[in-house]
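Participant: Got a structure here, written out as structure tokens. Questions coming.
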Amino acid sequence: MPMSSAASHPWIMPDWPPLPGVQALFTTRAGGVSQPPFDSLNLGDHVRDAPADVAANRRILAEALQQCSPGARPVFLQQVHGCDVQALNASTADGTAADACTSSQPGQVCTIMVADCLPVLLAHRHAPVVAAAHAGWRGLAGQGGVGVLETVLERFKADVQAQLARKALKNEAATNEAVMPAWCADDVQAWLGPCIGPTAFEVGDEVRQAFVADSAAAQACFAPGAVPGKWWADLAGLARLRLQALGIHRIYGNDSSPGWCTVTDAARFFSHRRDAAVLGSTGRMAACIWLG
């Protein structure tokens, strides 16, 4: 899991083929000012942490982003475990309700907060468009096989096609040849960040049924739990299946191995499932992707 010392913090940098103008990172819990149990780089403003500490932590992130890309601005969504997608622009305010976002404007940083749920980052190999999604099991499952990944990719595709059309018009003006590049899902690359792992995510029958009802292949992502009616779920594996079904095969990052589990690595990651019952709450990390 490649690390970065950006702004003196040990943040995780996606290990995927670099794309011109695309930057991304995933924060860990280290390097902020919050006190226990939110120590220390908690970015969530809804978890009972001191508001001044959260604001300071968000400034730490914003300043680090601006060191990479002057003018970069993280947009913190109000995530509700749904499937709504927001296209970011200069007027998009923090607190906008959505669980995924896209950006085709430099400096507008797609930012997803997590503490066990799966962050998914998307980038296009030929068009300046990026996206991020918050994939808890509810948002990932969605309804009738259409969840947050299917929804964000629909908007992502529209943004990519608009960018490709602009590029085609410029080429036509320069060469008098009209060539419209076709959309191809294989031109999309995805990065899956840390999340609750398959040996820590125990769920009931209703969660398993939400996935296997629409995909027989999803059965492979569930192992019998310790008691009847309980299952160990592979959240990252379920996301990979959904992405592959959408034609996306350039998938990097979380491969469901132990090092990616937020629950078992308390030194690096916040975990709602691990901490909330004992400590009352936990902090939030952020996955960010932007053009800059």
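Participant: State yes or no: is ALA72 touching a residue at least 24 places away in the same chain (Cβ under 8 Å), touching a helix residue (DSSP H, G or I) at 6+ places or on another chain (Cβ under 6 Å) and within 13 Å of VAL130 (Cβ to Cβ)? If you could, list the steps in order and put the result at the bottom.
Facilitator: Details: touching a residue at least 24 places away in the same chain (Cβ under 8 Å): yes; touching a helix residue (DSSP H, G or I) at 6+ places or on another chain (Cβ under 6 Å): yes; within 13 Å of VAL130 (Cβ to Cβ): yes.
The answer is yes for ALA72.
Participant: If we scan the stretch 61-79, do we find a residue that is of a type in the set (Ser, Thr, Tyr), in contact with a strand residue (DSSP E or B) (Cβ under 6 Å, 6 or more places away or on another chain) and in a loop (DSSP other than H, G, I, E, B)?
Facilitator: Checking the stretch 61-79: not a single residue is of a type in the set (Ser, Thr, Tyr), in contact with a strand residue (DSSP E or B) (Cβ under 6 Å, 6 or more places away or on another chain) and in a loop (DSSP other than H, G, I, E, B).
Participant: So in the stretch 204-232, with the set limited to residues that are touching a strand residue (DSSP E or B) at 6+ places or on another chain (Cβ under 7 Å) and without any contact (Cβ under 8 Å) to a residue 24 or more places away in the chain, which one is surrounded by the most Cβ atoms within 10 Å (Cβ to Cβ)?
Facilitator: CYS221
Participant: A follow-up question, please. State yes or no: is VAL54 out of contact with any strand residue (DSSP E or B) (no Cβ under 9 Å at 6 or more places or on another chain), in a loop (DSSP other than H, G, I, E, B), modelled with pLDDT of 95 or more and hydrophobic (A, V, I, L, M, F, W, C)?
Facilitator: Working: out of contact with any strand residue (DSSP E or B) (no Cβ under 9 Å at 6 or more places or on another chain): yes; in a loop (DSSP other than H, G, I, E, B): no; modelled with pLDDT of 95 or more: yes; hydrophobic (A, V, I, L, M, F, W, C): yes.
So VAL54 fails the test.
Participant: Give the residues of the stretch 7-37 that are surrounded by 20 or more Cβ atoms within 10 Å (Cβ to Cβ), in contact (Cβ under 8 Å) with a residue 60 or more places away in the chain and not in a loop (DSSP other than H, G, I, E, B), sorted by residue number.
Facilitator: Answer for the stretch 7-37, where residues must be surrounded by 20 or more Cβ atoms within 10 Å (Cβ to Cβ), in contact (Cβ under 8 Å) with a residue 60 or more places away in the chain and not in a loop (DSSP other than H, G, I, E, B): ILE12, VAL22, GLN23, ALA24, LEU25, PHE26.
Participant: Does ALA56 satisfy the criteria of being free of Cβ contacts under 8 Å to residues at least 60 places away in the same chain and over 18 Å from THR27 (Cα atoms)?
Facilitator: On the way: free of Cβ contacts under 8 Å to residues at least 60 places away in the same chain: yes; over 18 Å from THR27 (Cα atoms): no.
Answer is no for this residue.
Participant: Yes or no: the stretch 265-288 includes at least one residue that is under 28 Å from VAL130 (Cα atoms) and among the β-branched types (Val, Ile, Thr).
Facilitator: No; the residues of the stretch 265-288 include none that is under 28 Å from VAL130 (Cα atoms) and among the β-branched types (Val, Ile, Thr).
Participant: Can you find a residue in the stretch 259-271 that is under 18 Å from LEU153 (Cβ atoms), of a type in the set (A, V, I, L, M) and modelled with pLDDT of 95 or more?
Facilitator: No.
Participant: Name the residue, out of SER69, SER104, that is out of contact with any Ser or Thr (no Cβ under 6 Å at 6 or more places or on another chain), under 22 Å from ALA158 (Cβ atoms) and among the hydroxyl-bearing types (Ser, Thr, Tyr).
Facilitator: After applying the criteria, what remains is SER104.
Participant: Any residue in the stretch 272-282 that is of a type outside the set (S, T, N, Q), crowded, with 22+ Cβ neighbours inside 10 Å and touching a Phe, Trp or Tyr at 6+ places or on another chain (Cβ under 8 Å)?
Facilitator: The answer is no; no qualifying residue exists.
Participant: Being more than 21 Å from GLY283 (Cα to Cα) and part of a strand (DSSP E or B) is the requirement here; does THR102 meet it?
Facilitator: yes
Participant: Give me a count of the residues in the stretch 245-270 that are surrounded by 14 or more Cβ atoms within 10 Å (Cβ to Cβ) and of a type outside the set (Lys, Arg).
Facilitator: The number of residues fulfilling the criteria is 16.
Participant: On to the next question. May I ask you to verify whether THR111 is in contact (Cβ under 8 Å) with a residue 40 or more places away in the chain, in contact with a strand residue (DSSP E or B) (Cβ under 7 Å, 6 or more places away or on another chain), among the hydroxyl-bearing types (Ser, Thr, Tyr) and buried (at least 24 other Cβ atoms within 10 Å of the Cβ)?
Facilitator: yes
The values are calculated or read from the model by the stated rules, or taken from the named source; none is laboratory data. Predicted model only: the values in this text are computed from it and were never measured. Neighbour counts are summed over all protein chains in view; Cβ atoms, including those assigned to glycine, are modelled from backbone coordinates with ideal geometry.
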